[in-house]
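The values are calculated or read from the model by the stated rules, or taken from the named source; none is laboratory data. Quick caveat, the model's predicted, so the values are computed rather than measured. Every residue, glycine among them, receives a Cβ derived from its backbone with ideal geometry; neighbour counts consider all protein chains shown.
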Amino acid sequence: MSVLKQPLATPSRVRGVFRYLLSTKNQREKIEVLEKILSPDELVKNAPSPRPMLRATINEMVKVGLLVKEDEEIAINSDLPENARNPQLGDKLLPDTLAELFFASKNEDEEDFGRVCAWYLAQDIYDAPGNWDEVEIQVNKQKVGDFLKMSNNTLYGQLDDWMCYLGLAWGQALAGKRITVPDPIAYIKRNFKHIFNEDKEILLIDFITRLARKCPLFETGKFREEVESQVDIRQPNYLSTSTAFALFRLQEEGYVKLLRKSDADLMLLPKINNQVDDDGRISHIIWQGEKL
């Protein structure tokens, strides 16, 4: 069972457990002590089972590899990268640590979560389903119900919470209702240094390949290719509108510069109605460096 199907394992609870363990000696704690600190007796005295929210959260994070259980203790997994376990950096890096564990670690339990996230990022950002009712309609329209197994509002709620926390989407209030937008700008922005490595200018197709290697929800990545085998929604050499929209915004904010060079293959960055303007025919991307 993936985090998508465990509604008690929310980003805020995962973060609470992880932040606490980051500051403890040897980054471990007795489970009984952890439960009483993060879920005091008074809050769970009428619960049908002892501390169900905290226990479900811990179990999911052990399964995904963020935490480990050792006898009666719970600890941060020592196999995580050093920076991910750093008390000063770990909380800030947690969204990327989890994205790596969810989507890029061959974690079979999370494959359904990966497919649904990739499907949502593949939707037209200018007309994307923004709530459960619209998602249900789109799933039925594209005939991917059996493939995605996105069957109820509870699953959608988990998708919404986690994609927003991971920086793959964001939410807003519209006419008194929450609307979610599949926009991965926050994820891409956080990972420029990893994607560019020592380079400052690379082919856009190489940028996308590196991005997909880091997070296979994106174009050419494992989960996106599985989605595109079910739904024919992206033309050759086109990026999805969600990725294109993020890159245009990042250029406007001064993080990158998108270039077209005459001697290089182009990728097409569509805008509304899947139209490609002259400024959407791109061969190279330049990283302008980190902003303070």
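Only one of E82, E73, E136, E111 is in contact with an Asp or Glu (Cβ under 7 Å, 6 or more places away or on another chain) and either over 13 Å from T180 (Cβ atoms) or of a type in the set (K, R) (or both); which? Step by step, each of E82, E73, E136, E111 is checked, and only E73 is in contact with an Asp or Glu (Cβ under 7 Å, 6 or more places away or on another chain) and either over 13 Å from T180 (Cβ atoms) or of a type in the set (K, R) (or both). Scanning region 246-267 for residues that are out of contact with any helix residue (DSSP H, G or I) (no Cβ under 6 Å at 6 or more places or on another chain) and either crowded, with 16+ Cβ neighbours inside 10 Å or outside the structural domain of E219 (by TED's automatic domain parsing) (or both) yields L247, F248, L250, Q251, Y255, L266.
So, A122, is that one under 19 Å from L211 (Cα atoms), among the small types (G, A, S) and either in contact with a strand residue (DSSP E or B) (Cβ under 6 Å, 6 or more places away or on another chain) or crowded, with 18+ Cβ neighbours inside 10 Å (or both) or not?
Details: under 19 Å from L211 (Cα atoms): yes; among the small types (G, A, S): yes; either in contact with a strand residue (DSSP E or B) (Cβ under 6 Å, 6 or more places away or on another chain) or crowded, with 18+ Cβ neighbours inside 10 Å (or both): yes.
Yes; evaluated as a whole, the condition is true for this residue.
Within region 91-129, the set of residues being farther than 30 Å from L21 by Cβ and without any contact (Cβ under 8 Å) to a residue 12 or more places away in the chain comprises D127, P129.
Residue by residue through region 218-239, note down the ones that are assigned to a loop (DSSP other than H, G, I, E, B), surrounded by fewer than 16 Cβ atoms within 10 Å (Cβ to Cβ) and modelled with pLDDT of 95 or more.
Here is the first cut: in region 218-239, the residues assigned to a loop (DSSP other than H, G, I, E, B) are 218-221, 231-237, 239.
So of that shortlist, the ones also surrounded by fewer than 16 Cβ atoms within 10 Å (Cβ to Cβ) come out as 220, 232, 235-237.
Result: T220, single match.
Quick grid of which residues meet (1) of a type in the set (A, V, I, L, M); (2) in contact with a Ser or Thr (Cβ under 8 Å, 6 or more places away or on another chain); (3) assigned to a helix (DSSP H, G or I):
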{"site": "G130", "(1), (2), (3)": "no, yes, no"}
{"site": "M150", "(1), (2), (3)": "yes, no, no"}
{"site": "Y156", "(1), (2), (3)": "no, no, yes"}
{"site": "D160", "(1), (2), (3)": "no, yes, yes"}
{"site": "C164", "(1), (2), (3)": "no, yes, yes"}
{"site": "R178", "(1), (2), (3)": "no, no, no"}
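Residue count for region 100-116 under the criterion of being assigned to a helix (DSSP H, G or I), of a type in the set (A, V, I, L, M) and surrounded by fewer than 23 Cβ atoms within 10 Å (Cβ to Cβ): the result is 1.
Filtering region 240-278 to residues that are over 20 Å from D206 (Cβ atoms) and either in a helix (DSSP H, G or I) or touching a His at 6+ places or on another chain (Cβ under 6 Å) (or both) leaves T241, F245, R249, E252, I272, N273, N274, D278.
Look through K177, K189, K149 and report the one residue that is modelled with pLDDT of 95 or more and out of contact with any Phe, Trp or Tyr (no Cβ under 6 Å at 6 or more places or on another chain).
Values: K177 fails: modelled with pLDDT of 95 or more; K149 fails: modelled with pLDDT of 95 or more.
Matching residue, one of K177, K189, K149: K189.
Somewhere in region 200-212, is a residue surrounded by fewer than 16 Cβ atoms within 10 Å (Cβ to Cβ), part of a helix (DSSP H, G or I) and either touching a residue at least 24 places away in the same chain (Cβ under 8 Å) or assigned by TED's automatic domain parsing to the domain that holds D161 (or both)? No, the conditions are met nowhere in region 200-212.
Condition check ((1) under 25 Å from T24 (Cβ atoms); (2) hydroxyl-bearing (S, T, Y); (3) more than 11 Å from the chain's Cα centre (by Cα)) across all residues:
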position: D79; (1), (2), (3): yes, no, yes
position: L93; (1), (2), (3): yes, no, yes
position: D96; (1), (2), (3): yes, no, no
position: F102; (1), (2), (3): yes, no, no
position: F113; (1), (2), (3): no, no, no
position: A122; (1), (2), (3): no, no, yes
position: D127; (1), (2), (3): no, no, yes
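Just one of the listed residues (W162, W132) is touching a residue at least 12 places away in the same chain (Cβ under 8 Å) and closer than 21 Å to F102 by Cβ, namely W162.
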